[in-house]
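Contents: one structure, followed by commentary.
The values are calculated or read from the model by the stated rules, or taken from the named source; none is laboratory data. These numbers come from a predicted model, not from an experiment. Backbone-built Cβ (ideal geometry, glycine too); neighbour counts: all protein chains shown.
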Amino acid sequence: MNSSQRISPKSTVAFGQESVAPEVLHWSKTVFSKWASSGLAIVLLSISGFAVWSSITTDHLGREAISSSVLSDYYSAAATAVSAAESQERQYQLEPSPEVRRLFDAAMKELTNSLEQVYHSGSRKDRLLVADVRSELPSYLESIQRLFDAVDRRDRAEVRRIDNNEADPTFDKIEKAVLQASAEHDQESISSLGKLRTRESFNANTTPIVFVVGLILVGLFAKVLQRTRVELDSQREGALHASLHDKLTGLANRTLLADRLEQALRLGRHHNSITGLLLFDLDRFKEVNDTLGHHYGDLLLNQIGRRLVSVAREVDTVARLGGDEFAILLPSVDGLEGALKAALRLHAAITAVFEIEGIDLDVEASVGVVISGLHGDDASTLMQRADIAMYEAKKQGNGILTYDPGADQRSPERLAMLGDLRRGLDRGELFLDYQPQVSLSTGKIMGVEALVRWRHPVRGLISPDEFIPFAELTGIIGSLTQYVLNLALCQVRTWADAGIWMQVAVNISSRNLLDEKLVIQITDLLGRYKLDPNLLVIEVTESAIMLDSYLARTILKQLHSMGIRIAIDDFGAGYTSLAQLKDLPISELKIDKSFVLSMQDDQADELIVRSIIDLGHNLGMKVIAEGVETADVFSALGAFSCDMAQGFHVCRPITAEAFTQWYEERART
Ligand code: C2E
Ligand code: CA
Ligand code: CA
């Protein structure tokens, strides 16, 4: 069995043990996946942060160690210079010579240079130290100068005095400061190098750990992400499945059917095969819902779905199009005969009795049958024609019918009208003309009939006879009637505001009488425009009465009890039984215009007109003659005591503005 046809009741998606609403799951999964993504990002950021931090701090320590070692070198140069100067000074006292003085001067110069370097690359403390030493240097040099002179004079006593009292103390100060700073900086340099080494070994140890931990975390987060992604994917798949399947039966829905139909047609063109489409509509399914309740209705639809699937071939697609409508796509079928055989088999399967919770239910269905090639080449034409065939089968009570272009006057251009009409209603392309109805005894204007017209953007003005039957067939009639009622009652309000109290008659199709919403819609509109219900007449045709439907009768009675008048349109052309007439709350009979038009040439028609007038009066109804084209007919009808007349002789259907003008002119004469 095809997976799309498996019937499974499902409204929640189960994960693990519990069932959680899918939207909640989806939400938490999304949050989870966001967390996992953020975790992943944080780990990666931390690893990069660590790498940057360790390289910056190592670099800093390196620089510190280098500058500290350079400074320490300058200090030791200064210290060496100090020792050299001292030793040359002593040497001079023992063996004075110009060479020794030159060496002493060179040592002093070296000392000054080194101090200069320290001053430039050292810290504030170093600069203070240099300044100190520099301040001592001139007096030291001056005393050395005098000491060397005393040596030259061989004045031993003076030499000793200067050495002990002046040169040595100053020199000691200098020597002490320089040597101490040099020793300190040696220490500092060693400790910087130590720090650098510690940092380097820390880096060497921690970097692999950080990266390994990072890798593990990345792996974990990636795993979590992957798992949530898989779950989200499966949820998405679930949603896709839901969008293509009917919730109640699990069968393919209209979208999936249309898709498969197109695919089958495409393949058919390649392989020269024929595609068949069957449209099933249950008869009187509503009664099951109404009498047994929706629970039984749902169970029945489910069982019908199962049965259709069990009888269909594996390659066929069984779809539920909504309500009590099913379709079966036969992707490859043995011509029209093959499609009809399948239709018979499937029809027989669902007309066999169903047992639902102990109750036996009989189902009747009407089936429309079409095949590719013979009835159309594209999916939408085939769908529409299967629909038309199904409606025809329903109308004729025939069970199964194939599409018959002869019986259906709907040419392709008429089929295109379906979309146009919907758009036309949306864009307000439809408008109303009004035709007056006058009293035959007083000539007074009693009311108007609202007649719809369509100003098509391409085809121009289209008369209702061309699109109303079509609207009735396709179900658009519901919106159309609502649209017309709204326009008509709005106009009555406009006239009332101008002081013209005008009754309006609106044509209602028999299909509207099978729609419970009608009463509510009319009540709402009367309320919206603050109108008395007796300003509205509902014209229904004999065919609507003949529906003999409980619902239609109920709706008519409800409308009547609200104070709305009911007229039977085109009376005489159908076959209304007198019993039906008597039972219904009818206020007016409208004689079909075919009798009125020819009543002066045809004795029988005149007789029919007179009989209808009598019948109506005997049943307490008003009688109105339509199609009054001449003054002769007008006066003849008056002589037969007909109540009202409507026709070209009085006035053609005209726009609301034209009617207002016509009304006012007539009132003046
Ligand atoms: P109907 O309800 O029988 O409307 C009377 C039709 O007879 C109108 O045609 C009107 O123009 C025409 N008529 C009026 N006086 C004369 C006359 O003296 N001689 C002749 N030969 N014809 C006359 P129209 O407007 O083309 O409407 C045709 C039909 O379309 C209507 O027949 C009605 O059944 C349907 N229709 C019109 N408007 C609506 C609507 O809003 N809703 C529905 N459901 N049907 C409508
Ligand atoms: Ca009418
Ligand atoms: Ca009529």
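Odds and ends about this structure:
- Qualifying residue in the range 297-305 (condition: over 30 Å from Ser332 (Cβ atoms) and surrounded by fewer than 17 Cβ atoms within 10 Å (Cβ to Cβ)): yes
- Positions within the range 272-301 being part of a helix (DSSP H, G or I) and acidic (Asp, Glu), in sequence order: Glu287, Asp290, Asp298
- Candidate set: the range 522-546, residues that are of a type outside the set (Gly, Ala, Ser) and surrounded by fewer than 16 Cβ atoms within 10 Å (Cβ to Cβ); chosen: the one nearest to ligand 2 (Cβ to nearest atom): Met546
- Unique match (being among the β-branched types (Val, Ile, Thr) and in contact with a strand residue (DSSP E or B) (Cβ under 8 Å, 6 or more places away or on another chain)) among Thr275, Thr255, Thr291: Thr275
- Only one entry of Glu626, Glu606 meets the criterion of being within 16 Å of ligand 3 (Cβ to nearest atom) and out of contact with any Leu (no Cβ under 8 Å at 6 or more places or on another chain), and that entry is Glu626.
- Considering Ile174, Ile209, Ile162, Ile190, the condition of being surrounded by fewer than 13 Cβ atoms within 10 Å (Cβ to Cβ) and either β-branched (Val, Ile, Thr) or outside any helix (DSSP H, G or I) (or both) is satisfied by Ile209 alone.
- Test for Gln558: is it within 16 Å of ligand 2 (Cβ to nearest atom) and assigned by TED's automatic domain parsing to the domain that holds Pro436: no
- Options Gly368, Gly358, Gly376: the member that is in contact with a helix residue (DSSP H, G or I) (Cβ under 6 Å, 6 or more places away or on another chain), assigned by TED's automatic domain parsing to the domain that holds Leu329 and under 30 Å from Leu292 (Cβ atoms): Gly368
- Per-region count, the range 592-603, residues touching a residue at least 12 places away in the same chain (Cβ under 8 Å) and more than 16 Å from ligand 3 (Cβ to nearest atom): 1
- Hey, Ile304 touching a helix residue (DSSP H, G or I) at 6+ places or on another chain (Cβ under 9 Å), over 27 Å from Leu267 (Cα atoms), assigned to a helix (DSSP H, G or I) and modelled with pLDDT of 95 or more or not: yes
Rundown of residues vs (1) within 14 Å of ligand 1 (Cβ to nearest atom); (2) in contact with a helix residue (DSSP H, G or I) (Cβ under 9 Å, 6 or more places away or on another chain), yes/no style:
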{"site": "Leu425", "(1), (2)": "yes, yes"}
{"site": "Gly428", "(1), (2)": "no, yes"}
{"site": "Thr442", "(1), (2)": "no, no"}
{"site": "Leu461", "(1), (2)": "yes, no"}
{"site": "Ser479", "(1), (2)": "yes, yes"}
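- Once the range 289-301 is narrowed to residues that are closer than 11 Å to Leu248 by Cβ and of a type outside the set (D, E, K, R), the residue that is modelled with the lowest pLDDT is His294.
- Residue that is farthest from the chain's Cα centre (by Cα), among those in the range 271-304 that are closer than 20 Å to Ala343 by Cα and β-branched (Val, Ile, Thr): Ile274
- Selected residue (only one of Gly39, Gly49 is assigned by TED's automatic domain parsing to the domain that holds Leu217 and within 25 Å of Thr198 (Cα to Cα)): Gly49
- Within the option set Ser598, Ser611, Ser587, being within 22 Å of Gln503 (Cα to Cα), small (Gly, Ala, Ser) and surrounded by fewer than 20 Cβ atoms within 10 Å (Cβ to Cβ) holds for one residue only, Ser587.
- Ala393 at pLDDT below 90 and either within 16 Å of ligand 1 (Cβ to nearest atom) or surrounded by fewer than 19 Cβ atoms within 10 Å (Cβ to Cβ) (or both): no
- Note on the range 215-271: residues that are among the small types (Gly, Ala, Ser) and outside any helix (DSSP H, G or I) total 2.
- Figure legend. Inter-residue proximity from the range 232-257: first residues surrounded by fewer than 18 Cβ atoms within 10 Å (Cβ to Cβ) and modelled with pLDDT of 90 or more, second residues assigned to a helix (DSSP H, G or I) and not hydrophobic (A, V, I, L, M, F, W, C), beta-carbon distance below 9 Å, spacing 6+ or different chains. Indicated pairs: Leu244/Ser4; Leu244/Thr255; Leu244/Asp259; Leu248/Asp298; Leu248/Asn302; Leu248/Gly305; Thr255/Ser243.
- For the range 523-540, filtered to residues that are in contact with a strand residue (DSSP E or B) (Cβ under 7 Å, 6 or more places away or on another chain) and within 16 Å of ligand 1 (Cβ to nearest atom), the residue that is nearest to Met502 (Cα to Cα) is Leu536.
- Any hit, the range 459-477, residues being aliphatic (A, V, I, L, M), within 16 Å of ligand 3 (Cβ to nearest atom) and at pLDDT 90 or above: no
- Condition met for Asp281 (acidic (Asp, Glu) and crowded, with 18+ Cβ neighbours inside 10 Å): yes
- Looking only at the range 518-541, and only at residues there that are at pLDDT 95 or above and not in a helix (DSSP H, G or I), the one that is nearest to ligand 3 (Cβ to nearest atom): Glu539
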